Each structure stands twice: as C-alpha cells, then as structure tokens.
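Student: Here it is, the structure in full.
The values are calculated or read from the model by the stated rules, or taken from the named source; none is laboratory data. All figures in this text were calculated on a predicted structure; none of them were measured in a lab. A quick note on method: Cβ atoms are made from the backbone with ideal geometry, for glycine too, and the neighbour counts reach across all protein chains shown.
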Amino acid sequence: MTGLVSLPRSRPGWIAFVLSGWVIVAVVQAAQGSFLAAHAGTPQQWWPTLAYTLAIYSVWALLTWPVAAAIMAIERAVQPRALRIAAYLALWPVVSALHVLVFAGLYWPAYRGEGVPTRWAMADRMFVRNLDTNTLLYFALLGIVLFCLHLRRRQRAAANAASSAPDDALLIRSRGHIRRIPLDTIDWIGAAGDYVEVHVAGSVELLDESLASLAARLPTEAFARIHRGALVRLDRIRNIEPIGRGDAHVRLVTGERLRLSRRFRANLAALIAPA
C-alpha cells in the first residue's frame, strides 16, 4: 500500500490536497442535487446551487485542520481502543455543531430568509436538517485521517528500517527535524496508542510507529517485552520485585518501576539470569 499511495510532504501540498478534495465533493453533490431536482420536475439553476454547495463545503475545509488535530491528539493520548472510539463518538456532535455555527456566522447575510431571521436561527435549523449529512462527512473525514496516519506510520517505519540498522539507533522526526537516539541510551519504551514513547535519560520522545512494529526490529539480545504496552532495555534492569499472582515489577537502574506481567516474566527472568 505504501508504494501505491503517496501523501503530501509539505504544508502547501496538504492545503492543495484538502481543498481539492472538498471542491470535488461539492461539485459532485451539486451535480447530483441538480439532476435529482430536474428529474422531479423542479429544476434548479446550476450556478446558485453550486455556490451554496461550495459554501457548505468551504466550512468543512476550514474544520478539517482542527478536526484532524483533535483526531491525532486522541491517537497519541488515548491507548485503549474502546476509549478512543468513545472519544471519536463524543467529537462527532461537537463537529456537527461547529459546522452549522461557522456556516451561519459566515454566510447568514447571503442566505438569510424569513425563516432564519438571525444567525442562531439559521444554525438551529441547519443542525437538524444537516445532521445526517454532517454525520456521514465527519466519519468519512475520521476514516481518511486515520488512514493517512496509518500510511504515514508505515512509511516512516520503512524509512527508519532502511536508514538505521536495528542495532544502531532510532530516528525521531519532530517538526521537520530528525534526532538520532542510539539504542544503548534508551531506558524503556512504552506504547501510546499507535505511537511509542521512548524514554531516554529522563526525557520522553514520541516515535510515529507502533510498539509491535518497533519490537520486531529491535535486537532481542538488548530489549525484551515486559508487558503488552512496554519494552525495556535489559541492561537497565536492576531487579524484579514480585507482587503476587505471578505478576511483578521491574525496577530500573534509574529508579523507575514498571509492571511486569506474568505472560512475559519467565522469558525476562531467563534473559537476565547470570550465564
């Protein structure tokens, strides 16, 4: 998939991508509306229909950026899948309400009428009338953003694998800069949704890659899984502290204490046992 689809790499490229996408959707919907109206015997003038549809989708173009930012924040901050789904569902009515409020604020002077004497009246009417369409568009936008995030993670993981040997270093990309983190400086790595947090000497770096993907390319003689959401560097382990029922804590040389699940305890004990 990564070889077939290429994402924009610059801000102007993303702006062009978003605007062209919404323009295409607006033109298609205007054409569909005109066709259905003509078929029903109530033809509509093309240019006014297109202008109104473009006005509707211009608001969606404006909202794309904050909505995408909110989705990315949820992906980074919320790890349990059920909670992420709940967060996306909670965002849905907020985005629908924002759409009609922004539209009424911008376009009420052009489209006001007897039934909508105020901007608030226009927003109130549009929220109910457009809820189904806004619902469809919100979840379509959600799906596209999640797909782009997934594709970007795969592309970056491939680039990391190609540009940095697994036993050498991780490359962290942030705000256009690349930071090289030698593997022997890492204390432990934790999952953060579909990202990972790399803990290095008291600081935390966010890497755009899943924990499962990263674990597959790290040297097994240096790193081990201690929990489904954590990897630890073996030479950073001070001791293992049992807490009962097969579970334990891993005490690091830094003083940090991490949970060790019973699933990974035997393997870890064998790895750190004296030869």
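Student: Suppose we filter Thr42, Thr53 for residues that are assigned to a loop (DSSP other than H, G, I, E, B), assigned by TED's automatic domain parsing to the domain that holds Arg153 and over 23 Å from Phe147 (Cβ atoms); which single one remains?
Tutor: Unique residue meeting the criteria: Thr42.
Student: Looking only at residues that are free of Cβ contacts under 8 Å to residues at least 40 places away in the same chain and crowded, with 16+ Cβ neighbours inside 10 Å in the range 59-73, which one is farthest from the chain's Cα centre (by Cα)?
Tutor: Leu63
Student: Can I ask one more? Quickly run through the range 81-123 and pick out the residues that are in contact (Cβ under 8 Å) with a residue 12 or more places away in the chain and of a type in the set (D, E, K, R).
Tutor: Result: Arg84, Arg119.
Student: Looking only at residues in the range 229-247 that are small (Gly, Ala, Ser) and at pLDDT 90 or above, which one is farthest from the chain's Cα centre (by Cα)?
Tutor: The residue in question is Ala230.
Student: With the range 102-214 as the region, which strands (runs of 3 or more DSSP E) entirely inside it contain at least 2 residues that are modelled with pLDDT under 90 and small (Gly, Ala, Ser)? Give the derivation first.
Tutor: Values: elements: 169-174, 177-182, 188-192, 195-200, 203-207.
The strands (runs of 3 or more DSSP E) meeting that bar are 169-174.
Student: Does Arg238 fit the bill of being touching a Pro at 6+ places or on another chain (Cβ under 6 Å) and surrounded by fewer than 16 Cβ atoms within 10 Å (Cβ to Cβ)?
Tutor: The answer is no for Arg238.
Student: Listed residues Ile71, Ile85; which is assigned by TED's automatic domain parsing to the domain that holds Asp132 and in contact with a helix residue (DSSP H, G or I) (Cβ under 6 Å, 6 or more places away or on another chain)?
Tutor: Every option except Ile71 fails the conditions.
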